There are 2 protein chains.
Amino acid sequence: MAATGREFFTAKTVAEALSDFRPAHRTRTETVTLEEAAGRVPATAIVAGEALPGFDRSSVDGYAVRAQDTFGASESIPAYLSLAGGVAMGAAADLELPTHGAIAVPTGGALPAGADAVVMIEYTQEAMTGTIEVVRPVAPGEGIVRADEDMAPGQVAAPAGMPLRAQDVAMLAALGITELEVHVPPAVTILATGDELIAPGAGPLGPGQIRDALSSSVGALVREAGGRPRSPQIVRDDPGALQAALERALEESDVVVICAGSSVGARDETAAAVAAVSGAEVWCHGLAIKPGKPTLLAASDGIPIIGLPGNPRSALVVFRLIGMPVVRRAGGGTAEHRAPSMMRQLSRDLPSAAGRLDVVQVRLSGEAAVEPIFGPSALLSVLTAADGYVIVPDEANGLPAGETVEVFLYR
Amino acid sequence: MAATGREFFTAKTVAEALSDFRPAHRTRTETVTLEEAAGRVPATAIVAGEALPGFDRSSVDGYAVRAQDTFGASESIPAYLSLAGGVAMGAAADLELPTHGAIAVPTGGALPAGADAVVMIEYTQEAMTGTIEVVRPVAPGEGIVRADEDMAPGQVAAPAGMPLRAQDVAMLAALGITELEVHVPPAVTILATGDELIAPGAGPLGPGQIRDALSSSVGALVREAGGRPRSPQIVRDDPGALQAALERALEESDVVVICAGSSVGARDETAAAVAAVSGAEVWCHGLAIKPGKPTLLAASDGIPIIGLPGNPRSALVVFRLIGMPVVRRAGGGTAEHRAPSMMRQLSRDLPSAAGRLDVVQVRLSGEAAVEPIFGPSALLSVLTAADGYVIVPDEANGLPAGETVEVFLYR
């Protein structure tokens, strides 16, 4: 089995793949509006052009005052201040605070000139018309958000390389930034190879045929990673056809994924096709992971090529762990991304060989436990029955029942 | 402060809101293709119409045999079988296994008639042309995936109410299910109220004005929850205008969100507008959460109405916790959704009052710690600086430094 030998020769660990497989290509940038901004990756840091909130603003419903006029005030000896009007929302505070005066301001209202604090309405009462009692002192600055306290002009409102979250969109909106420069979503070509494959919708199965389960599902993971899957292509098990499809894909894509046929021969064809592309380099052929050992990672002119195992279950496990970070990076992402997880107790022993990372599908069970799902690696139903997966690290010889483990959740 | 009193009168806990605020409206269904299926919510269980893989299939590269012909085989006393040809990928196995015979099959190849196991190629060698040595016995069924082992016709391939994950899409593709009935994404109208508000792109700020930060950012969270935000609308602080906008929104939407003005008066206007809509019922006005106390939950003819606090930071916290599950349910989702999280040690004390749930923004710090970010609740920058949040439960009087806490991560 020379093929197996060669796979091991260039095998890497998952940790090595995640840290060292870094093809240089990044997508170009484009301008999008605020409505399309969530999840997109800014190409450069986005800098505030104006101050937020933009004016000194009350953060409570109450009375704008000079703080010193309230010093020593208490329930028994209130400070008496003369009410000199009110500020309306969304309007200038064109009143000026008189000596020993108070001006009513709503939360978010502009602070009148001369005031340096706002007393909450709860600590006041209108003693008689035109006069308020203040029963607690306020310090200067209390009850106020300064004009540039949330963001000053020139400050970074959103860094480069991090997908914009809802609160980042809120910040950009608040700053009046309605167009921004982000990376174009990586175009990902998915080539499914195998003489046994037919498209999912292509009529009844002939003898020995199976439907292509990977193009659409890997496409779903590409989208989840911020990429854009191109129309799926099924390529015959023929070295020339695969090489031609790969060369075309490299011209039109930011990432290329090859879903290999399931036999040893088909896996070798992926490697052969990559090797035949001028300028392409195989980074690893074989990963110390189960399932997913026959993974190939390569690059051509900085464009990553990911050769997935032919087994759909292995392919989805590997693409989630290795492929999605590659797509995120091609799209300008610089941050590590975490799958949702929870801590649970293993309901039974997980056997595993040291020297490889095991990805074990699990089902949540009861309030606190998690149960491994075993089954032939060819079964997709093991993956659809799973709520998430547990990683048994390279160095571990399995994990005992009762151990608390991190369960990474599918959504 | 009558308004505050009334808020407390109908206040609920977050747990009560999550379990009991269940307006009945669900979106209608539509047919989508497999390519659009990921993340969508099936309206009814999707049932397999054919078997998967559809034929008895080899799960290894090797030789199809009768298991009994290998019983007792070992390195020292191999079983000798006559090689009777090979099966090609994607083709029928039109050979029949002769007595004491073996037929070469690739991984995924069809099992020839008469065979009941496949010996891995590693445990064989071609002793002389036309004869193989088998050095390990196989049990019946070994090296084989049965025709309906992954999925039998009539089995549920994907349940109703659960957003389809990549592996579910793979299963549907493998079963040839290329069109499916899913819930339409809930249309969500976001009404931003406040005389101080202008649209993010609406020229320079006038005195006392601020830009609407919520429409686009709540819209981003709506999308994340599988909904479709409608064009944002800014409504003046005028009871009649808000009521009219709300009535129109209820006719055109599956969920309505009102971002209240920030003052006490503006909050009351939301409640008044809801109360004035015929058939609308306020479920709670006030939530035992900080930030986010002035949250209003209501429904009209089963359509949820969520009144968010005017403060953008509070509004985003509440919408993430309470609003996103409401949108998911309106779109037919029945599963609980978990935010990604990790366990970390608090770097300092978190003060909190018992009787309310505190959502504290935190920043990851070093390898194992998490640091709370304090700051006036009006500051959006506290939220943009955060990597996630920690929940201090209702019953807790704060959490001490050094405590291990679950950090829910923003993405």
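Below is a table of values for the structure above.
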read-out	value
Mean Cβ neighbour count within 10 Å, used as a protection proxy, ranking A:363-375, B:329-341 highest first	B:329-341, A:363-375
Qualifying lysines (Cα of each under 19 Å from Cα of B:K290; at least 8 residues distant if same chain)	B:K12
39 Å tail of the calculated P(r), chain A, as % of Cα pairs	42 percent
Over 18 Å [Cα-Cα, segment A:138-277], rounded percent	68 percent
Relative packing of B:66-79, B:242-255, B:188-201, which averages over residues the other C-beta atoms within 10 Å, highest first	B:188-201, B:242-255, B:66-79
Within 10 Å of each Cβ in A:197-210, the average number of Cβ atoms from other chains	6
Positive-pole candidate from B:V41, B:F21, B:L380, dipole of chain B, charges at beta carbon	B:L380
Surface/4 estimate of mean projected area, convex hull on alpha-carbon atoms of the protein assembly as shown, nm²	37.2 nm²
Relative contact order of chain A, pairs being alpha-carbon contacts under 8 Å that are 6 or more residues apart, as %	17 percent
For B:P159, label point 7 Å along C-beta direction: distances to other copies, nm	3.9
Helix-only [θ]222 nm of chain A, DSSP H runs n ≥ 4, -39500 (n - 2.57) each, per residue, nearest 500	-5500 deg cm²/dmol
Contact order normalised by residue count of segment B:164-234, Cα under 8 Å, 6+ apart, percent	39 percent
Nearest-to-axis residue of chain A, judged by beta-carbon position, where the axis maps A onto B, in Å	A:P340, 2
Nm distances between copies for B:V282, ranked from closest, using label points 7 Å along Cα→Cβ	7.0
Size of charge dipole - chain B - debye, nearest 20, with Cβ of Lys, Arg +1 and Asp, Glu -1, no other charges	1520 debye
Highest to lowest packing among A:125-132, B:45-52, scored as the average C-beta count within 10 Å	B:45-52, A:125-132
Whichever aspartates and glutamates have a C-alpha closer than 12 Å to that of A:K293, once near sequence neighbours (fewer than 8 apart) are set aside	A:E7, A:D358
Shielding by partners, peptide B:151-159 (average Cβ within 10 angstrom, other chains)	1
Computed lengthening from A:M128 to A:S76, 0.36 nm per intervening residue step minus Cα-Cα distance	17.0 nm
Separation of alpha-carbon centers, segment A:286-300 and segment A:21-49, rounded to whole Å	29 Å
Relative contact order (%) - segment B:24-131, alpha-carbon pairs under 8 angstrom, separation at least six	32 percent
Per-residue average of Cβ from other chains inside 10 Å of A:176-182	3
Three-way shape label, segment B:341-409, alpha-carbon gyration tensor, a/c 1.5	oblate
Per-residue Cβ neighbour rank within 10 angstrom, fewest leading, B:L297, B:L83, B:L321	B:L83, B:L321, B:L297
Positive dipole terminus of chain A, leading residue within A:G366, A:A275, A:L350 (C-beta point charges)	A:A275
Rounded to the nearest 20 debye, dipole of the protein assembly as shown from Cβ charges on Lys, Arg, Asp, Glu	60 debye
Positive-pole candidate from B:P393, B:P325, B:L296, dipole of segment B:257-393, charges at beta carbon	B:P393
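Each value in this text was obtained by applying a stated rule to the coordinates, not by laboratory testing. Predicted, not measured: the structure shown is a model, and the values here were computed from it. Neighbour counts are summed over all protein chains in view; Cβ atoms, including those assigned to glycine, are modelled from backbone coordinates with ideal geometry.
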